[in-house]
Amino acid sequence: SYNTNVTGFATGENTLYIWAVDEAENESVKQEYTVKIDKTAPVFAEENVPFSKVYLTNGDVEKELKFYVTEANSGLKASSPITITIDGNEIDLSGGEGKSSIALGAKDSNGKRLVTLTLAPADLQNINGYKTILATAEDIAGNKSTPESIGILNKDGDSPEPSFISPQENDIVNKLIT
């Protein structure tokens, strides 16, 4: 048995040949292995809405955000490839009744996928003031993106109160109503 570290591989597919020679100069059959090297973390991109957008919520209705994630080399990790945090709290994205969820679209030829994040009311009710929504992605090779702001939440729980300046209540008018 012999162990060693092999370095110098380029990003992408590499071929590694392994064989052994003993003290009597007997040589084993060469074995060929393909080794994929991925040192690039996934990257987020805006869909049609800038990441600086403020999403207003009253805390009672789910909010949907769409954005892209690109991982062109090894692909995204199979389970929980994207994590979402709001104000330092990781959001449970398991879906189901009353829970937030995340859906990944099909990968295009460049490794780009549409992400649909649905934030459940339970994750929005305790929002107080402006809170940044951060996304992090991890690929199969273990590369993690830096947390990326994908939007800002602000809770507005106050119902609007309409008022009229003109006309006064019960007036009959043939003019502009303000």
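The values are calculated or read from the model by the stated rules, or taken from the named source; none is laboratory data. Predicted model only: the values in this text are computed from it and were never measured. With ideal geometry, Cβ positions are generated from the backbone for all residues, glycine too; neighbour counts draw on all protein chains shown. Side chains are part of the model used for accessible areas, which takes the heavy atoms of the whole protein and leaves out ligands, DNA and RNA. Shrake-Rupley method; radii C 1.70, N 1.55, O 1.52, S 1.80 Å.
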How big is the equivalent ellipsoid of region 81-126 along its three axes, where each semi-axis is √(5λ) from the Cα gyration tensor, reported in whole Å from largest to smallest?
-> 24, 12, 7
Grab the other residues whose beta carbon is less than 15 angstrom from that of Asp123, score K and R as +1, D and E as -1, and report the net.
-> -3
Most mobile listed residue (Ser28, Ser109, Ser52) in the chain, GNM with C-alpha springs under 10 Å | Ser28
State the percentage of accessible surface on region 85-135 attributable to carbon and sulfur atoms; use a 1.4 Å probe and exclude ligands, DNA and RNA.
-> 42
Working out 0.36 nm times the residue gap between Thr118 and Asn89, then minus their Cα-Cα distance, what length gain in nm do you get to one decimal?
-> 8.8 nm
Based only on Cα atoms, what Rg/Rh ratio does the chain have, Rh being taken as Kirkwood's radius?
-> 1.31
Low-density loop chymotrypsin sites (Phe, Trp or Tyr not before Pro), region 1-32, at most 11 other Cβ within 10 Å, DSSP non-H/G/I/E/B, are Tyr2, Trp19
Residue-averaged [θ]222 nm for the chain, counting only DSSP H segments that reach four residues, each worth -39500 (n - 2.57) | -500 deg cm²/dmol
Once you've got the GNM for the chain with C-alpha springs shorter than 10 Å, pick whichever of Val43, Val29, Val61 has the biggest mean-square fluctuation.
-> Val29
Sparse-neighbourhood loop sites, GluC sites (Glu not before Pro) in region 20-85 - DSSP loop, at most 10 other Cβ within 10 angstrom | Glu23, Glu25
Surface accessible to a 1.4 Å probe, per residue, for the residues of region 106-153, Å² | 50
Distance from a point 7 Å along Cα→Cβ of Lys144 to each backbone N in region 50-94: keep the residues under 17 Å and list them by number.
-> 76-93
Taking the Cα-to-Cβ direction at Lys99 and at Thr34 and moving 7 Å from each Cα, how far apart do the two end points lie in nm?
-> 3.6
Given Lys36/Lys107; Lys99/Lys131; Lys112/Lys155; Lys36/Lys144; Lys63/Lys144; Lys39/Lys63, which pairs have Cα atoms separated by over 24 Å?
-> Lys112/Lys155; Lys63/Lys144; Lys39/Lys63
